[in-house]
Amino acid sequence: MRRLARIVGLALVVATPAPAGAQQRLPLELSWHAPAECPSSAAVRAQLERIARVRTGFTLTPLTARAEVVREGAGYALRLHTERDGQHGERRLEASDCETLVSSVTLVLALAFGAGVEVSDAAAVPEQNAAGVGSSGEDAPPAPAPLQSREQGEPAQDTRSDVDATESSSTTASTADTPPDDGLRAPRRLKVALLLGGGAQLALLPSAALAVSAGVELGLGVLSVGMRATGWPAVSDGVTAQLSARFDGIGAALAGCGHAPLQALSLALCAGARAAALRGRSSGALDDGSDTAPWYALASAVSLTWPREHALRVRVEAGVALSLARARFEIEGPGEVHRVPLLAPELGVLVLITP
């Protein structure tokens, strides 16, 4: 009998409906990555619960969000990826401090749930955004239509007051579902970065040569254009025991790249053109001399940059150039001592500095 009483009691507890005033939690799966001085994931959730609540009679589709905050210049930048009901969205926010950034992202998350969520403190966030929060210009993720359902025990027939309340709720939701323009949208800005680094040229000269590079990169959204000057210090090539040749060169490159986010990294695919002047000098011949030949090529490259958004970044790249003009160097007597190959691969490591 005691066991039966416990089972009956447990069933009654489970079957008891939640209090009418109890607030339904927002179905949010949040992945939050931010510097130590920024609010935690728990703080973001707490602020979201303060400004947003689920409307009565609505059942929300879960929202998955991944946010990455990085330092950018004197402030902070946030990249937000969302997924809800099969629809994906991406948004970039900026602010001078993390607290303002959190206020903005909680508003964006609340609106992403759609008409099923009422934002009770939306007016306070745009005022903070005016102090420095911006967007990359990308459209906010569209809020899918929520799944509606009546609570159990609610009468099936509609009354006039029910209709009026529904119309009022829909009007309010339509207004709240459109993100405010003030401070949340701004035109994409042109980013300038200085390039400094080095690497190895594996085939342009008779042997692997050190490469020293400097240049500038202009970025707009996911596209960038880079201009770079590269020098290859002299390398020696022994022709005979008494005769040797030395080669060096200087060149320039112009490339366009497309960038894609990859967690904390940025993956880029690039294509462009290259030109260089290659010089060869003989040593030990009866009549030593030197000559310079032009080199033109089409080039492609792939690179990884870390971190994705920061004033100081590191890039690792690998590329190959297709020679359009294959210079050839000869010494009278021995004949040809070097000819530029058809394909010239290279590796490099660069530091990007954003002023």
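Please treat every number below as a calculation from the coordinates, not as lab data. Predicted, not measured: the structure shown is a model, and the values here were computed from it. Positions of Cβ are generated from backbone atoms using ideal geometry, with glycine treated the same way; all protein chains shown enter the neighbour counts.
When peptides 306-315, 272-281 are sorted by average Cβ neighbour count within 10 Å, with the highest value leading, the order is 272-281, 306-315. Computed 3J(HN,Hα) for region 96-105, one whole-Hz value per residue from the Karplus formula 6.51 cos²θ - 1.76 cosθ + 1.60 where θ = phi - 60°, is 7, 8, 5, 4, 5, 5, 5, 4, 6, 5, glycine and proline marked x. Listed values for region 221-228 are Karplus-derived 3J(HN,Hα) couplings in whole Hz (6.51 cos²θ - 1.76 cosθ + 1.60, θ = phi - 60°), namely x, 8, 10, 8, 10, x, 10, 9, and x replaces Gly and Pro. Once a ≥ b ≥ c are taken as the square roots of the eigenvalues of the Cα gyration tensor of region 191-353, is the result rounded (a/c under 1.5), prolate (a/b larger than b/c) or oblate (a/b not larger than b/c)? It is prolate, given that a/c is not under 1.5 and a/b is the larger ratio.
The protection proxy used here, the mean number of other Cβ atoms lying within 10 Å of each residue, ranks peptides 342-349, 203-210 as follows, highest first: 203-210, 342-349.
Taking one quarter of the surface of the C-alpha convex hull of region 195-262 gives a mean projected area of 5.5 nm².
The alpha carbon radius of gyration of region 277-355, expressed as a multiple of 2.2 N^0.38 Å, is 1.60.
As a proxy for reagent exposure, ranking Leu28, Leu254 by other Cβ atoms within 10 Å from fewest up yields Leu254, Leu28. Phi angles across region 311-328 convert, under the Karplus curve 6.51 cos²θ - 1.76 cosθ + 1.60 with θ = phi - 60°, into 3J(HN,Hα) values of 5, 10, 10, 10, 10, 10, 9, 9, x, 9, 10, 9, 5, 9, 9, 9, 5, 10 Hz, Gly and Pro given as x.
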